[in-house]
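Below: the structure, in structure tokens.
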Amino acid sequence: MMAHKGEHSGQCSFLTAAIVICGMLATFHSETKAAAIPAPGLEFRHHNNEEIPQILASVHARCPNITRIYTLSERSVRGLPLYVIEFSTTPGYHQLYHPEFKYIANMHGNEVLGRELLLHLANYLCEHFLAGDHDIQKLIKLTRIHLMPSMNPDGWQLSTDTDRNDYLVGRANNNSVDLNRNFPDLDRIMFSNEEAHVNHNNHLLEQVDRLKEPIQPETKAVMRLIMQVPFVLSANLHGGDLVANYPYDASRSGAMTEYTESPDDQTFRHLAMTYATHHKNMANPKRSGCGDDGYNFGKQGGITNGAAWYSVQGGMQDFNYLSSNDFEITLELGCDKYPLASALQEEWENNKKALIQYMWQAHIGVKGHVRDAVTGQPLPNTIIHVKNVTAGRNDDILHDVTSVHDGDYWRLLTPGQYIVTAYRDGYQPLSHRVRVYDRPHMEAQRVDFHLQPLLQLMQSANSDSKSDSEYEETYDETMRNNIVNKLQKKWLFNKYKESISTN
Ligand SMILES: [Zn+2]
């Protein structure tokens with residue numbers, strides 16, 4: 001069984017983005033306002049590439065205060081813009097303590113259900129916000145949500161114009177590259193770090209020294225988005241089976257199929273289960289399977305470890321996890337990659353609850369800020385390390401996250417007891433012991449860090465501050481910045497801060 005797995009997009013680069021967005025919004029407003037208000041129900045049919053921006057504009061016209069449309073830094077190979085609609089009470093801006101979430105669909109051009117689902121989701125969020133749905137209002141007030149209906153409009157066009165039932169035609173982009181194999185292979189770097197006992201387990205892009213093939217424009221656009229926006233959670237929407245697939249996608253040993261646990265296996269299983277159990281059929285053990293082999297993921301709760309199914313290198317899911325603070329899973333939304341239009345309404349009903357429940361998962365675990373205890377200054381790029389001490393365990397989770405621009409951070413965790421530690425060069429590490437509860441549709445609990453600068457400590461005493469020398473070596477800020485800067489000359493020139501000012 002091949003196919004599927006993958007996803008996601010980046011923000012516009014500076015100038016081009018500002019120009020495109022401004023031009024685009026101006027056009028949409030004037031052309032679509034009359035048609036867009038009052039709210040038209042969105043039809044259940046396949047929408048073409050020209051209709052995507054029209055539908056998004058119609059949503060924006062109805063919900064101008066909580067939405068923004070933007071395009072990514074690159075266009076598709078055939079020159080089509082890659083559109084994203086954002087939902088937030090401060091469109092265009094990251095808000096302190098508000099997690100960022102994304103859905104990306106139609107990365108494989110011939111897997112089209114996710115594309116229609118995201119258009120309907122955008123419509124639904126707007127309508128329900130306006131109608132006073134408290135749950136949706138709360139979700140949008142607490143979360144910045146990015147929806148990208150199509151990452152591969154060229155493949156969609158090819159598939160739509162030729163054989164919609166072909167398993168492969170339209171899957172790749174217009175250069176015949178499978179976008180879900182086109183991301184830098186960070187799994188290989190992670191596994192070799194593990195073997196060499198190197199403690200570096202996050203933000204691995206700086207270690208990339210070679211690429212299997214040129215990065216495609218659609219991939220590049222999404223990589224930039226991932227680097228620019230501090231995403232916490234995402235999913236990548238595919239088709240061809242019915243299962244929620246979680247990291248790692250690549251096997252550790254290189255075997256074709258092998259369960260390959262990530263350090264966050266427990267959390268990823270929870271995330272995948274959340275989608276599967278809120279979907280109408282995904283977790284049903286009695287449903288039928290998709291493949292000729294008759295294999296049925298329903299029998300295992302509708303979820304699978306990626307590499308246990310089949311090993312994939314260069315996929316978007318693992319790239320998110322290993323290059324940023326984002327946790328991503330891959331959703332296979334049905335056996336049929338290109339369902340008939342007549343099936344779309346039922347599919348929307350099958351997925352609606354799961355799509356919303358999954359977005360709420362951006363609020364599990366803990367969040368907070370890291371600041372200098374003396375000056376109160378926010379401390380971005382601080383390492384947040386977690387040890388699971390639930391029921392007598394003493395397990396380091398060997399995947400750290402980092403605080404972002406304003407010193408805020410999020411750490412997705414399932415209920416249990418943890419020791420959360422903030423490490424930063426020049427500061428005394430600080431740990432908090434926390435108990436994480438299951439609190440559905442509530443904000444993550446706050447755990448803040450106020451770090452003491454080491455200089456002050458050393459002045460007062462000859463303290464033995466050999467904190468974690470290994471950590472300090474691995475996360476040397478200057479080294480990291482140098483490498484990242486070099487990489488950015490190649491493909492990544494915008495960083496967090498810049499995206500904030502251009503948004
Ligand atoms: Zn796919």
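Shape class of segment 126-183 from the Cα gyration tensor (axes a ≥ b ≥ c, square roots of the eigenvalues): prolate, since a/c reaches 1.5 or more and a/b is larger than b/c.
In a fully extended conformation the segment linking Lys299 and Ser176 would gain 40.8 nm over its present Cα-Cα distance, using 0.36 nm per residue.
Could you tell me which residue out of Ile52, Gly315, Met282 lies farthest along the dipole of segment 17-363 toward its positive end? Charges go on the beta carbon: Lys and Arg +1, Asp and Glu -1, centred on the Cα centre. It is Ile52.
Computed over all pairs of different Cα atoms, the Kirkwood value for the hydrodynamic radius of segment 263-311 is 11.3 Å. Summary of packing: across the peptides 246-254, 152-160, the per-residue average of other C-beta atoms within 10 Å ranks them, highest first, as 152-160, 246-254. In this simple spin-label model, placing a label point 7 Å from the Cα along the Cα-to-Cβ direction at both Asn394 and Glu213 gives a separation of 4.8 nm.
Summing Cβ point charges (Lys, Arg +1; Asp, Glu -1) relative to the Cα centre of segment 17-363 gives a dipole of roughly 800 debye.
Normalising the Debye intensity of segment 209-268 to I(0), with uniform scatterers on Cα atoms only, and taking log10 at q = 0.18, 0.20 Å⁻¹ returns -1.06, -1.22. Give the long-range amide H neighbours of Val312: residues separated by 5 or more places, or on another chain, with amide H under 5 Å away, using H modelled in the peptide plane at 1.01 Å from N. Here Ala250, Ser251 satisfy the definition. In terms of its Cα atoms, segment 17-363 spans 60, 45, 42 Å along the principal axes, sorted from long to short. Dividing the convex hull volume of the alpha carbon atoms of segment 366-470 by its residue count gives 106 Å³ per residue. Separation of the alpha carbons by more than 18 angstrom is noted, of Lys102/Lys280; Lys212/Lys337; Lys102/Lys353; Lys280/Lys353; Lys138/Lys353; Lys138/Lys280, for Lys102/Lys280; Lys212/Lys337; Lys138/Lys280.
Just so you know, all these numbers are worked out from the coordinates, no wet-lab data involved. Since the model is a prediction, treat every value here as computed from it, not as a measurement. As a convention, Cβ positions derive from the backbone with ideal geometry for all residues, glycine included, and neighbour counts pool all protein chains shown.
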